[in-house]
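Remarks on the structure that follows.
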Amino acid sequence: MSDEVARLRETVAGLHAELVRYNLVAWTSGNVSARVPGRDLMVIKPSGVSYDDLRPDNMVVCDLDGVVVEGDLAPSSDTAAHAYVYRAMPDVGGVVHTHSGYATAWAACGQAIPCHLTAQADEFGGEIPLGPFALIGGDDIGKGIVATLSGHRSPAVLMRNHGVFTIGRTAKAAVKAAVMCEDVARTAYLARTLGEPAPIAAEHVDSLHARYQNVYGQPTVPSARR
Ligand SMILES: [Zn+2]
């Protein structure tokens, strides 16, 4: 087992605790994966294992066709979707899937989340789009994710009648997008109950997104770069 795979087993196991902490998952639903840089491999959650029992050594390593190459347990039932995304989107280093409640309510109604909040413009660059209905198994979910997010600024897609898939340069970035997607979905829902949320002008969405993606946060110093 390479050092890189060992490091990613630890990272991916640890990031699953964030899904629990932010109340994005129930029972064993939801999963995180990470691409192994420079190799056609990914590290993903095992299927059907309680969040309390997830550890670095029971994460599963698969190739990018979803075939297990290292690990004693079956990988997540969403492995084919993660693998499809990694094959089709070379810049993606992490994928997350949840059925988080507010975001999935929008998916159940077949509605994209319009951009009514500056925080949404920051993270998603506009609406959070709706992807197609697709049955689990095979490549249909992966195809729907890639078709919806290709050329879109949003790192999150609401798969119709199903739930949320997010992508990121790293698994941590994809987890952050899943947390922010649920936060935005919740606030947008609350706003709808009060009245008709006001849109943000497209040029303001563009400038908010550019600022957040390029300027926001602490100055990068070599010791803090991860
Ligand atoms: Zn699902």
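Which condition breaks for residue 119 when tested against (1) over 30 Å from residue 189 (Cα atoms); (2) of a type in the set (A, V, I, L, M); (3) more than 16 Å from the ligand (Cβ to nearest atom); (4) touching a residue at least 40 places away in the same chain (Cβ under 8 Å)?
So the condition that residue 119 fails would be (1).
Going through the range 26-51 one residue at a time, which ones are within 18 Å of the chain's Cα centre (by Cα), within 13 Å of residue 77 (Cβ to Cβ) and more than 14 Å from the ligand (Cβ to nearest atom)?
Across the range 26-51, the qualifying residue is only 46.
Might you let me know whether the range 201-223 holds any residue that is at positive phi, out of contact with any helix residue (DSSP H, G or I) (no Cβ under 8 Å at 6 or more places or on another chain) and loosely packed, with under 15 Cβ neighbours inside 10 Å?
So in the range 201-223, the residues at positive phi come out as 217.
Subsequent filtering for residues that are out of contact with any helix residue (DSSP H, G or I) (no Cβ under 8 Å at 6 or more places or on another chain) retains 217.
From what's left, loosely packed, with under 15 Cβ neighbours inside 10 Å: 217.
Among the residues of the range 201-223, at least one is at positive phi, out of contact with any helix residue (DSSP H, G or I) (no Cβ under 8 Å at 6 or more places or on another chain) and loosely packed, with under 15 Cβ neighbours inside 10 Å, which makes the answer yes.
State yes or no: is residue 54 of a type outside the set (Gly, Ala, Ser) and within 15 Å of the chain's Cα centre (by Cα)?
So residue 54 does not fit the description; no.
Could you list, in sequence order, the residues of the range 160-180 that are within 15 Å of residue 102 (Cβ to Cβ) and either away from the ligand (no atom under 14 Å from the Cβ) or over 11 Å from the mean Cα position of the chain (by Cα) (or both)?
162, 177, 179, 180
Read the figures in this text as sums done on the coordinates, not as results from a lab. Since the structure is predicted, the reported quantities are computational estimates derived from the model, not experimental observations. Because the Cβ atoms are built from the backbone with ideal geometry, glycine has one as well, and the counts that use them run over all protein chains shown.
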